[in-house]
Amino acid sequence: MTCDEGGSNRAQIDMALLPLVVAKNLAHADAIIARLISGAVPLVTRIIDAKLKRHSVDVRDAQEADQLKADVIVRLLARLEQCRVDSARGRIGNWNGYVATTTRHTCDEYLRRKYP
């Protein structure tokens, strides 16, 4: 499916997001969002673990990693809601790529705050 933004700039929307874009009601959209987030959690966890390990971050009781995961999920939820409301503005061409990039950026922000 293509979404048109401004007429000439056309881009694909990830097929995993198509059910969200065409959801008939909020309950159905919420179920799709829950499934997308649930599917993204393993990737988010792997990236966070690798990033923190690579930077030798001492994670006590995994609290910091859990907080990072929560921060990423909040960002993903916000973006999925944007996609649901306005698929042209909130379009995501590659959901897994978006998840990975969002996770890496969130980790980078955390590391910059922790080690200025």
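About the centre of its Cα atoms, the chain shows a dipole size close to 200 debye [charges on the beta carbon of Lys, Arg (+1) and Asp, Glu (-1) only; nearest 20 debye]. Bridging of residue 51 to lysines at a Cα separation below 26 Å is possible for 69, 114, once same-chain residues fewer than 8 apart are set aside.
Relative to the longest principal axis of the Cα atoms of the chain, helix 63-85 runs at roughly 10 degrees.
Taking Cα atoms only, the orientation of helix 95-114 departs from the longest principal axis of the chain by about 40 degrees.
In the range 21-116, the C-alpha radius of gyration followed by the widest Cα-Cα span (Dmax) gives 14.7, 46 angstrom.
All of the numbers you see were taken from the coordinates with simple rules; none came from a lab. Source: prediction; values computed, not measured. As a convention, Cβ positions derive from the backbone with ideal geometry for all residues, glycine included, and neighbour counts pool all protein chains shown.
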